[in-house]
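Here's the structure we're looking at; comments come further down.
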Amino acid sequence: EVRTPPNSHAILPSTTRMVVEELAARAGVPCRASPVSERELELVQKYPVTLSVAHRLVYSAHEYGPVEYQQTWFNSSTTYKTLESVWYKEWGYIYLDKIAPVWIGEFGTGNTNTDISSTTPGSQGQWFSDLIEYLRQNPFISWTYWAANGEDSYALLNSNYSGIDNPTKQSLLESIQFPFAASPNTHTTNPVPPTKKTTAVAGTSKKRKSSQPPSTVSGSTTTQPSTTPTLNKVSAASSGSGSCSATITILSRWSNQGTWGFTASVSVQAKTQNLSSWQVNFTLPAGEKITNSWNATLSGNSGTISAANATYNGNISAGASTSFGFQASGSSNNLLPSGVSCS
């Protein structure tokens, strides 16, 4: 269902900032709640909407899991990589290939723990937690959650609207919210997809160059942030004898008036044996503090940190992985933790 008429440019006055072209072409949930034979957003590359005024178009997708419709890619072989491939093919490429911005207009899940996170391939919980991770790794794909109202099966609020129904789900969503570190009246516009990330890997010492941050606009003047955080090398403390390996990846970073910060994802992978629990240790640079975390229980917010598994993600099969994440800020551009180990 294409909601933008063919002659959209004819209804664009000079004051219009954006036209959203929304297509319900998502993981089994088109507008009429029946399977679709063709994914409309896959056709954007071949048949893009072209407006006479540039930078006014956003493509919106609706993304739901197997509870809504059991698509073929939800099966016993489903992994993060297979879901990532589906999302790229159907709508992610629009942003990642720099065609246009993408906004996930709807996505949601239930309020049981297995609806929110699960290691069972093809499950609702796997789909939701993997989608959160995908959005975390692509922070300039915008999103809105369905729904807040307490009578909905995917509600954020409880039935009497007195609080949050499931704090774990709320915490996961908070982990992909945009950090309010920019100056007032400043926002990101036309972001360029990041092409490289900087990682600290338990058992290795490695640095990769990070992409430049996107342009920012304040009022009508386009500028670049005055300083780009320098991401230093990290020498991991792991000797390789632990039962698991851990990789810390900086997904996004920012600076504002002397304050530096970043969002990081930590991948935890079991080695040759199944795990029933795990713990990742690392040390933050002096003056740096963790301000938010998800999918793990942390021992503190500064200095040496011990991150233990949550109640729902301690079991990892040999060779499989899970992840947690955190946000941190400080007064130095030395962002990456050191001494990463996993046991």
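The values are calculated or read from the model by the stated rules, or taken from the named source; none is laboratory data. Just so it is clear, the structure is predicted and the values come from calculations on it, not from any experiment. As a convention, Cβ positions derive from the backbone with ideal geometry for all residues, glycine included, and neighbour counts pool all protein chains shown. Ligands, DNA and RNA are stripped out before the accessible areas are found, and what is left, the full protein with its side chains, is counted by its heavy atoms. Shrake-Rupley method; radii C 1.70, N 1.55, O 1.52, S 1.80 Å.
Annotations for the structure displayed:
- Theoretical gain in end-to-end length, residue 272 to residue 332 [0.36 nm per residue, Cα-Cα removed]: 17.8 nm
- In the distance distribution for the range 70-172, Cα-Cα pairs more than 22 Å apart total 35 percent.
- log10 of Debye I(q)/I(0), alpha-carbon scatterers only, for the range 33-111 at 0.14 Å⁻¹: -0.54
- Of the residues 289, 98, ranked by 1.4 Å probe accessible area with the largest first, the sequence reads 98, 289.
- The range 95-156 - charge dipole about Cα centre, Lys and Arg +1 at Cβ, Asp and Glu -1, debye rounded to 20: 220
- At an R0 of 30 angstrom, the distance between the Cβ atoms of residue 52 and residue 81 translates into a FRET efficiency of 0.15.
- Ellipsoid equivalent to the range 61-107 - semi-axes via the Cα gyration tensor, in Å: 21, 14, 6
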